[in-house]
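First the structure, in the form of structure tokens, and then the observations on it.
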Amino acid sequence: KFQGENNKYELVEPLGNGAVGHVWSARRKSPEVTLVAAKVMLPRQDLLQDSKLPDVRERFRREARNGSEIDHPNIVRYFDVGEVQQNPFLIMELADRSIADQLRTSGPIPEEETAEIILDVVAGLACLHSRECRHRDVKPANILEFSSAIKLGDLGIVRWSDFDPVFTNGGTITQESIQLGSWFYMAPEQQESPHNAVDASDIYSLGVSWIEMLKGQKPSPQAIGAGRYDIPDLRPGIADLLANMVKYRSEEHTSELQSRPHI
């Protein structure tokens with residue numbers, strides 16, 4: 001049991017973990033007993049540089065405070081923040097599942113269904129971008145399914161430069177080497193420097209995620225660069241839009257996506 005700024009919580013069961021945090025389902029005590037998601041900062045010492053941890057911890061707190069100010073049907077709501085045993089935690093809506101969960105259990109997602117998912121995510125990104133905020137970590141694990149809508153969760157708090165150079169320069173980067181492989185969804189400008197991330201960087205990540213939804217597996221950066229992700233039977237409009245989202249040109253393709261809302 002632990003206390004946030006607004007309420008008391010009791011952890012129920014683990015849901016997943018990454019480089020920085022562990023996510024649990026939790027019971028919120030009042031005004032009525034409700035299940036929520038609790039993300040506790042427990043950074044992996046083998047991946048993150050010690051010198052970066054204070055910055056990551058501050059971004060973790062800022063995620064909760066910024067998230068609590070956003071009220072949009074396609075962005076996960078944040079309810080509370082606090083500390084337990086000197087580790088910050090945040091409380092948010094509990095999703096039914098992520099798109100990554102769906103891919104693991106059911107494989108590729110039909111084209112029409114993916115189009116509806118993408119439209120919801122685009123609406124969430126448009127809200128963030130209107131606030132001069134980039135998500136920085138769009139991927140199937142952070143695209144969450146609720147009974148009412150698809151929502152973006154887990155605003156990106158870890159930057160590539162936070163990772164230990166021994167790890168990032170050691171030729172060991174694989175799809176499994178970082179939890180859920182965020183690097184494989186990053187636009188080239190974001191891989192080079194987190195400060196280079198722009199609105200279109202999120203669009204690139206969404207395009208990679210869309211390919212994964214359609215294929216049932218992550219495309220490699222090499223396949224994307226060559227335009228060879230081989231998805232058969234796509235409608236021409238979707239094929240063209242998808243190709244535009246993952247082109248290696250950060251300055252152009254956001255407007256293209258926003259100008260074609262009818263997928």
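Computed from label points 7 Å out along Cα-Cβ, the spacing between E5 and E113 is 3.9 nm. Within the set K151/K218; K8/K139; K39/K151; K39/K139; K151/K215, which residue pairs have Cα atoms separated by over 24 Å? The pairs that break the limit, which is 24 Å between Cα atoms, are K8/K139.
Measuring nothing but how far apart in sequence close Cα pairs (under 8 Å, 6+ apart) lie, relative to its length, region 68-127 scores a relative contact order of 32 percent.
Site pair D230 and L42 shows an inter-label distance of 4.1 nm when each label is modelled 7 Å from Cα along Cα→Cβ.
Counting only heavy atoms of the protein chains and using a 1.4 Å probe, W183 has close to 60 Å² of accessible surface.
By the rule of a C-alpha distance below 16 Å, with chain neighbours fewer than 8 residues away ignored, no lysines are paired with K247. The length gained on full extension between R77 and Y248, counted as 0.36 nm times the residue separation minus their Cα-Cα distance, comes to 58.3 nm.
In vacuum, with every alpha carbon of region 1-133 counted as one equal point scatterer, what does the Debye formula give for log10 I(q)/I(0) at q = 0.14, 0.15 Å⁻¹? Two decimals, please. For region 1-133 at q = 0.14, 0.15 Å⁻¹, log10 I(q)/I(0) is -0.76, -0.87.
Using only the C-alpha atoms, the convex hull of region 56-112 corresponds to 134 Å³ per residue. Taking 20 Å as the cut-off, the amide N atoms of region 131-146 that come nearer than this to a point 7 Å along the Cα-to-beta-carbon line of A223 belong to 138-143.
The values are calculated or read from the model by the stated rules, or taken from the named source; none is laboratory data. Worth saying up front: this structure is predicted, and the values here are computed from it rather than measured. Glycine also receives a Cβ, built like all others from the backbone with ideal geometry; neighbour counts cover every protein chain displayed. Remember, those area values only see protein heavy atoms, side chains included, never the ligands or the DNA or RNA. Shrake-Rupley method; radii C 1.70, N 1.55, O 1.52, S 1.80 Å.
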